[in-house]
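The structure appears below as C-alpha cells.
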Amino acid sequence: MKFIVLNGSPKGEKSLTLQYVKYLKKISKEHDFKVLHIASQINKIEKDEELFNGMIDDIKSCDGVLWAFPLYVFLVCSQYKRFIELIFERNVQEAFENKYAASLSTSIHFYDHTANNYIHAISEDLNMKFVDYYSADMYDLLDAGKRKKLACFFQLFTDAIHKNQDSIKKYKPVKPNRLMYKPQLEEKTIDTSHKKIIVVADLQEEEHNIKKMVNQFSHILNHNVEIINLNTLSIKGGCMGCLRCAYDNQCFYEGKDGFIDVYKEKLMTADILLFAGAIKDRYLSARWKMFFDRGFFNTHTPSLIGKQIGFIISGSLQQIPDLQEILQAYVEWQGSNLCGIVTDEYEDSSEVDRALYHLASQSMYYAKKAYIRSSTFLGIGGMKIFRDDMWGRLRFPFIADHKYYKENGIYNDFPQKDYPSRFKNGFLSLMAKIPTIRDEIYKKRIKDEMIKPFQKFIDNINA
Ligand SMILES: Cc1cc2nc3c(=O)[nH]c(=O)nc-3n(C[C@H](O)[C@H](O)[C@H](O)COP(=O)(O)O)c2cc1C
C-alpha cells in the first residue's frame with residue numbers, strides 16, 4: 001500500500017515525530033511511504049502552485065494518509081493549519097475524499113486530545129475515513145512496550161484499508177452562521193477608569209462581522225481601546241520550534257519583526273485583553289494560530305497572569321466544543337480570567353449588541369475587582385504536566401522555565417513535600433490494619449472527620 005505522510009513539524013527532516021514514521025517504515029517494509037514536508041515548506045507550497053498540485057496528486061493516488069505532527073499550543077502548528085486552509089480555499093477536497101486517514105502526534109500530552117480531535121474532524125470534513133489517532137509522548141519510541149502499541153496502531157490502520165472497513169463519522173459538519181450583523185450604536189457607554197484595554201483582532205474587510213463587532217465593542221468603551229490588527233502587525237513567520245527561547249526566553253525572531261515588542265509592551269501590560277477573529281474550519285485563522293505559537297517564546301511560563309481575557313468570535317463556536325475548551329484552557333493556564341466569549345450566533349443583531357455590552361461591562365467589573373475565577377481541571381491539570389516535566393526530564397533545555405517555576409513556588413505543591421499528610425497517611429494506614437479501628441473509621445467516623453477542619457474554622461469565624 002502507498003501511504004502519504006503529511007509532516008506537520010516546522011523542523012522538517014529533523015522532526016522528532018518523523019522518527020516515529022521512520023520506525024513504522026522500518027517495520028512495514030511491504031508498504032511505500034512518501035513524506036510531504038508540509039509545515040517546513042508552507043511558504044513555498046503556498047506560492048508554488050505546481051508544488052501544491054503535485055502534493056495533491058500524491059494524495060489522490062495513495063491508499064492512506066497519515067497526519068503526522070507535533071502538538072503546538074493546543075493544536076497543530078500554524079504552518080500546518082495554513083495547509084489545511086489551502087485545501088479548502090483551493091477547492092481540492094476531492095483528492096481526500098474516501099481516503100483512509102489516521103493521525104500520529106508527539107507531545108508531552110498537554111492538550112494532545114484537542115489537536116487530535118481537530119485533525120479527526122478535519123478529516124471528516126474532507127470526507128475521509130478516519131481510522132484512529134496515536135498520541136505518543138515525545139520519547140515513547142525508546143520504550144519497547146510503547147513501540148508495540150504504535151506498531152499495533154499502524155496495523156489497525158492498514159487492516160482497515162485492506163478490509164475496506166466502514167467508517168462511522170464522529171463529527172457533524174459545522175453549519176455556517178448567517179447573521180449579517182448590523183450594530184445599533186449604543187447610547188450608553190462604559191467608564192473605563194484608566195484601565196488599559198487592548199483588542200488583538202484578525203480584522204477582515206469592512207463588511208465582515210468581526211470588524212463591526214470590534215468597532216461596537218470599542219464604541220461601548222468610549223473608544224478607550226487600542227486595536228492591534230494581526231494582519232498589519234509585522235510577523236515574519238511562524239514558530240519554527242528551534243527552542244532558542246528555552247534558555248532565556250529570547251526568540252529567534254527578536255529584533256526581526258514586531259511581534260515580541262507588541263507582546264511585551266502591549267499585551268503584557270494590559271488590564272483587559274480581547275482576542276477577536278473569525279472561525280476558519282474548526283479553529284481561528286492560521287494567522288491567529290501563528291500569533292499563539294509565537295507566544296511560545298515564553299515557553300511554559302504564564303505571561304498574562306492576572307489579566308481579564310475575553311473573545312469576540314464570528315462563526316459557529318457553539319458547534320465546536322474543542323475550540324471552546326482550547327479558549328478556556330488557554331486563559332486558565334495563563335492565570336488570567338475568562339471574562340466572556342461573544343459570538344455572532346444569534347437570530348438578530350440586537351442580541352450581539354447586548355452580548356458585547358455585557359462583555360464590556362463584565363470585563364471592567366472583573367478588572368476593578370481584580371477577580372480571577374478559580375481554575376478547573378483545564379488549567380490545573382495542564383500546569384501539573386508542565387510542573388513535572390520542567391522539574392524532571394525537560395529541566396534542560398528549559399532553563400528559563402525551571403528558574404521561573406522555582407522562584408514562583410510552582411514546585412511547592414509536589415505531594416512528596418507535604419510532610420504532615422505523609423505522616424498522617426502512614427499513621428492512619430497502619431491503624432486501619434487493626435479491624436476494630438478500621439470499622440470505627442470507615443463505618444462511623446469518616447464523614448465527620450472529613451469536615452472537622454472546616455467546622456473548627458467556621459466556628460472560629462462566628463466566635
Ligand atoms: C511552539 C511549541 C509549542 C508546543 N506546544 C505543545 C503543546 O501544546 N502540548 C504539548 O504537549 N507539547 C507541545 N510542544 C512540544 C512538542 O509537541 C514536542 O516537542 C514534539 O515532540 C516536537 O515534535 P517535532 O520535533 O516533530 O516538531 C510544543 C513545542 C513547541 C516548540
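Computed quantities for the displayed model
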quantity	calculated
Failed condition for T436, given (1) within 30 Å of N249 (Cα to Cα); (2) free of Cβ contacts under 8 Å to residues at least 12 places away in the same chain	(1)
Flag if Y411 is of a type outside the set (A, V, I, L, M), outside any helix (DSSP H, G or I) and either touching a residue at least 24 places away in the same chain (Cβ under 8 Å) or open to solvent by less than 100 Å² (accessible area, probe 1.4 Å) (or both)	yes
Boolean, F33 is hydrophobic (A, V, I, L, M, F, W, C) and within 20 Å of D281 (Cβ to Cβ)	no
Criterion violated by N98 - all others in (1) within 16 Å of the ligand (Cβ to nearest atom); (2) open to solvent by 20 Å² or more (accessible area, probe 1.4 Å) satisfied	(1)
Matching option when the condition is within 28 Å of W333 (Cβ to Cβ), within 16 Å of the ligand (Cβ to nearest atom), open to solvent by less than 90 Å² (accessible area, probe 1.4 Å) and of a type in the set (F, W, Y), among Y171, Y134, Y139	Y134
Residue match in segment 341-351 (condition: within 16 Å of the ligand (Cβ to nearest atom) and either buried (at least 20 other Cβ atoms within 10 Å of the Cβ) or without any contact (Cβ under 8 Å) to a residue 12 or more places away in the chain (or both))	no
Members of segment 87-118 found to be under 11 Å from D281 (Cα atoms) and in contact (Cβ under 8 Å) with a residue 40 or more places away in the chain, listed by number	F88, Y118
Residue within segment 377-384 that is of a type in the set (G, A, S) and touching a residue at least 24 places away in the same chain (Cβ under 8 Å) present	yes
Residue satisfying all of: in segment 81-95; within 20 Å of the chain's Cα centre (by Cα) and more than 16 Å from the ligand (Cβ to nearest atom); surrounded by the most Cβ atoms within 10 Å (Cβ to Cβ) among these	I84
Some residue of segment 106-118 being closer than 18 Å to Y171 by Cβ, hydrophobic (A, V, I, L, M, F, W, C) and either in contact with a helix residue (DSSP H, G or I) (Cβ under 6 Å, 6 or more places away or on another chain) or not assigned by TED's automatic domain parsing to the domain that holds T158 (or both)	no
Subset of segment 66-75 [within 10 Å of the ligand (Cβ to nearest atom) and open to solvent by less than 10 Å² (accessible area, probe 1.4 Å)]	A68, F69, F74, L75
S28 away from the ligand (no atom under 12 Å from the Cβ), out of contact with any Lys or Arg (no Cβ under 9 Å at 6 or more places or on another chain), among the polar types (S, T, N, Q) and farther than 19 Å from D112 by Cβ	yes
Failed condition for S78, given (1) in contact with a Gly (Cβ under 6 Å, 6 or more places away or on another chain); (2) away from the ligand (no atom under 16 Å from the Cβ)	(2)
Check on E332, of a type in the set (D, E, K, R), within 24 Å of E407 (Cα to Cα) and either touching a Ser or Thr at 6+ places or on another chain (Cβ under 7 Å) or assigned to a strand (DSSP E or B) (or both)	yes
Output for segment 191-221, where each listed residue is aliphatic (A, V, I, L, M) and closer than 22 Å to S285 by Cα	I198, V199, V200, A201, L203, I210, M213, V214
Candidate set: segment 1-16, residues that are in a helix (DSSP H, G or I) and either of a type in the set (D, E, K, R) or surrounded by 24 or more Cβ atoms within 10 Å (Cβ to Cβ) (or both); chosen: the one nearest to the ligand (Cβ to nearest atom)	K14
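The values are calculated or read from the model by the stated rules, or taken from the named source; none is laboratory data. Note that the coordinates shown come from a computational prediction; the quantities given were computed from them, not determined experimentally. Cβ: placed from backbone, ideal geometry, glycine included. Neighbour counts: every protein chain shown. Note: areas computed on protein heavy atoms with side chains; ligands, DNA, RNA excluded. Shrake-Rupley method; radii C 1.70, N 1.55, O 1.52, S 1.80 Å.
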